[in-house]
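Novice: The structure that follows is given in the form of C-alpha cells.
None of the figures in this text is laboratory data; all of them are computed from the coordinates on show. Just so it is clear, the model here is predicted, and its values are computed rather than measured. All Cβ positions, glycine included, derive from the backbone under ideal geometry; neighbour counts span all protein chains shown.
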Amino acid sequence: MSETLEATGQPALIGDDLQAVERLQNGYERIRAELAKVIVGQDAVIDELLIALVSNGHVILEGVPGLAKTLMISTLARCLALSFNRIQFTPDLMPSDITGTDVIQEDRASGTRQFRFIRGPIFANVILADEINRTPPKTQAALLEAMQERHVTVGGTRHDLTPPFFVLATQNPIEQEGTYPLPEAQQDRFMFKVFVGYPSYEQEYQIAERTTAGQTHDVEPVFTGDEILAFQQIVRRIPAAPHAIRHALDLVRLTRPNEPAAPEFVRRMLTWGAGPRAVQALILGAKARAALKGRHHVSTDDIRAVTHPVLRHRIVTNFSAEAEGFTPERIIDQLLSVVQPNVTGMSQDRQYQKAIA
C-alpha cells in the first residue's frame, strides 16, 4: 500500500481518497447541471470558481454590471448548502459593518452591564464582497485580514470564522472615478482573478426568454460544508510530478524582469512579476482541476489551464506595455507560447533558449 508516483516521493491516492475523487467528479457534473437551471453559459467562470473553492482560495471577479455575478454566487452557495451573505461596499462602509461590533447589554435582573459581540455579515461560508474597490483601504483591510487569518479581532477578542470560508470580491471595470483600487500586495491574497464576459447571442436570447417569463427553478444541494472541507484536504494529497512543479515554477519566475532567463518582452513590458504565492496557486489550482476532472495526478495541461486566472492580477505592466497595446492577458499568452513543459529537467535558461531557437 506504499505505492508512489514515479520519481516524486509522493504517495499515490488509494482507497477512500480514490472514491472521494470520484464523488467530487460526479458532484462537479451535478453542480454544473443545477447551476444551468438558473445561469446561462459562463461555463469557464463556474469551473474557475469551483477550482478555487476546493483549493480553499478566494476569487476576484471582474465584469460589467448585469452579468449575473451575484446570482451565480448565491446559487453556487445553495448548491453546496452553504450560508451566503452579500456585502455592498460603499465609501462610507466601516470595518465594524463587516466584522461586527461589541455592544453594551444590561442585565435587568442584576443591573449589571457587559459587552456582547454582535456578529457582522462576514460570518458566513460564502461572502460576496460587491464592488470591493469602492470602499476605503481601512475597510478593505478588515476583509483581507479575515480572508488570510480566517478570524476577526474585535475589542481585543478573536472570533473564528466557520469553515469553509470563501470570499468572492467583484470589481467593476468601468466608472473608476472615486474608487480605491486594491494594491498589488492585497490582490495577491486572492488565488484567482476571473473575468466575467458578455454572453453569446444565443445565450443572451435564452437569458431574455427565461427572465421575462416568470419561471422559477429550485436548486438541489449537492454537497455539504463538511464534504467541501474533506475535498479540500484530498486535493492537497493529489500528487504532482517534479516536471509539473518545475513548469509552474518556470512560468512564475519568468514573469520577473530581473530574472536572468526572463524573455525580452517580459523585461520590456513588466515592472513586477509574480511572487511565490503564484506558484502555490498554480499547483493547488492544477490539483483541484485534476480532481474535478476525475484524475488522480497533475498534468502540465492542468498547470497551463489555470495560468491566466493565477497570473493576471499578479504581474504589473509598465508604460511600454500600455503604449504597445500589451495587456496582462497578451503577455501571459506570449509567456505560455515560449515556456513549454520542462520534462527533461533542464534549467529554465536552457529551456527558454531552446524555445526561441
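Novice: List the DSSP H helices in the chain whose Cα atoms stretch 27 Å or more along the helix axis and whose mean Kyte-Doolittle hydropathy is at least 0.5.
Specialist: none
Novice: Specify which residue in the list ALA323, LEU292, HIS243 is farthest towards the positive end of the charge dipole of the stretch 203-337, using unit charges on the beta carbon of Lys, Arg (+1) and Asp, Glu (-1), about the Cα centre.
Specialist: HIS243
Novice: Then there is this: For the chain, build the charge dipole from Cβ charges (+1 Lys, Arg; -1 Asp, Glu) around the Cα centre, then report which of GLN334, VAL306, GLY275 sits farthest towards its positive end.
Specialist: Result: GLY275, furthest along the dipole toward the positive end.
Novice: Can you compute the helix-only [θ] at 222 nm over the chain? Use -39500 (n - 2.57) per DSSP H run of at least 4 residues, normalise by all residues, nearest 500 deg cm²/dmol.
Specialist: Taking each H run of at least 4 residues, the total per residue is -13500 deg cm²/dmol.
Novice: A follow-up question, please. Could you work out Rg/(2.2 N^0.38 Å) for the stretch 177-253, with Rg from alpha carbons only?
Specialist: So the Cα radius of gyration is 1.79 times the expected 2.2 N^0.38 Å.
Novice: Order of VAL310, VAL338, VAL235, VAL266 from fewest to most other C-beta atoms within 10 Å?
Specialist: Listing VAL310, VAL338, VAL235, VAL266 from fewest to most nearby Cβ atoms yields VAL338, VAL266, VAL235, VAL310.
Novice: Name the residues whose placed amide hydrogens come within less than 5 Å of the amide hydrogen of TRP272, ignoring near sequence neighbours (fewer than 5 apart) on the same chain.
Specialist: Residues meeting the criterion, in which the H sits 1.01 Å from N, are VAL316.
Novice: Could you bin all the Cα-Cα distances of the stretch 238-357 into 5 Å bins starting at 0 and give me the percent of pairs in each, rounded to whole numbers?
Specialist: Answer for the stretch 238-357: a P(r) of 2, 13, 23, 23, 19, 12, 5, 2, 0 percent.
Novice: Give me the Kirkwood hydrodynamic radius of the stretch 104-211, using the inverse of the mean 1/r over all pairs of distinct Cα atoms, in Å to one decimal.
Specialist: About 17.2 Å for the stretch 104-211.
Novice: Another question, if that's okay. Run the count for the chain, please: Lys pairs, Cα-Cα under 23 angstrom, 8 or more apart or on different chains.
Specialist: Numbers: LYS37/LYS69; LYS37/LYS293; LYS69/LYS193; LYS138/LYS193; LYS193/LYS287; LYS193/LYS293.
Summing the qualifying lysine pairs gives 6.
Novice: May I ask you to order 47-59, 143-155 by the average number of other C-beta atoms within 10 Å around their residues, highest value first?
Specialist: 47-59, 143-155
Novice: Also, I was wondering about something else. On a full-extension model of 0.36 nm per residue, what is the gain between THR101 and ALA81, subtracting their alpha-carbon distance, rounded to one decimal in nm?
Specialist: 4.5 nm
Novice: For the stretch 25-177, give me the percentage of DSSP beta bridges that are antiparallel, rounded to the nearest 5 percent.
Specialist: Details: 11 of 24 bridges.
Taking every DSSP beta bridge with both residues in the stretch 25-177, the antiparallel ones total about 45 percent.
Novice: Let me check the size of the stretch 58-145 from its C-alpha atoms; what are the radius of gyration and Dmax in Å?
Specialist: In order Rg, Dmax, the Cα atoms of the stretch 58-145 give 16.5, 55 Å.
Novice: Another question, then. Please report, in debye to the nearest 20, how large the charge dipole of the chain is about its Cα centre when each Lys and Arg carries +1 at its beta carbon and each Asp and Glu carries -1 there.
Specialist: 660 debye
Novice: From Cα pairs below 8 angstrom and at least 6 apart in sequence, can you work out the relative contact order of the chain, rounded to a whole percent? Write out the running numbers ahead of the final one.
Specialist: Details: 584 pairs, mean separation 76.9, N = 357.
Dividing the mean separation by the residue count of the chain yields 22 percent.
Novice: Expected output is a single nm value to one decimal: the length gained when fully extending between GLU324 and TYR180, i.e. 0.36 nm times separation in residues minus the C-alpha distance. What is it? The partial results should precede the final answer.
Specialist: Numbers: separation 144, 0.36 × 144 = 51.84 nm, distance 2.66 nm.
In short, 49.2 nm is gained.
Novice: Give the order of ARG236, ARG86, ARG246 when sorted by the count of other beta carbons within 10 angstrom, beginning with the fewest.
Specialist: Ranking ARG236, ARG86, ARG246 by Cβ neighbours within 10 Å, fewest first, gives ARG236, ARG86, ARG246.
Novice: Here's something else I'd like to know. Only four residue types carry charge here, +1 at the Cβ of Lys and Arg and -1 at the Cβ of Asp and Glu. Report the dipole size of the stretch 238-357 about the Cα centre in Debye, rounded to the nearest 20.
Specialist: 380 debye
Novice: Which whole-Hz couplings ³J(HN,Hα) result when phi for each residue of the stretch 309-323 is put into the Karplus expression 6.51 cos²θ - 1.76 cosθ + 1.60, θ = phi - 60°, listed in order with x for Gly and Pro?
Specialist: x, 7, 9, 4, 9, 10, 10, 10, 7, 10, 5, 4, 5, 5, 5
Novice: Starting with the fewest neighbours, write out ASP16, ASP102 ranked by other beta-carbon atoms found within 10 Å of each beta-carbon.
Specialist: Lowest count first: ASP16, ASP102.
Novice: Express in nm, to one decimal, how much length is gained between TYR205 and TRP272 on full extension, taking 0.36 nm for each residue of separation and deducting their alpha carbon distance.
Specialist: Result: 19.9 nm gained on full extension.
Novice: Quick one: divide the alpha-carbon radius of gyration of the chain by 2.2 N^0.38 Å and tell me what you get.
Specialist: 1.08
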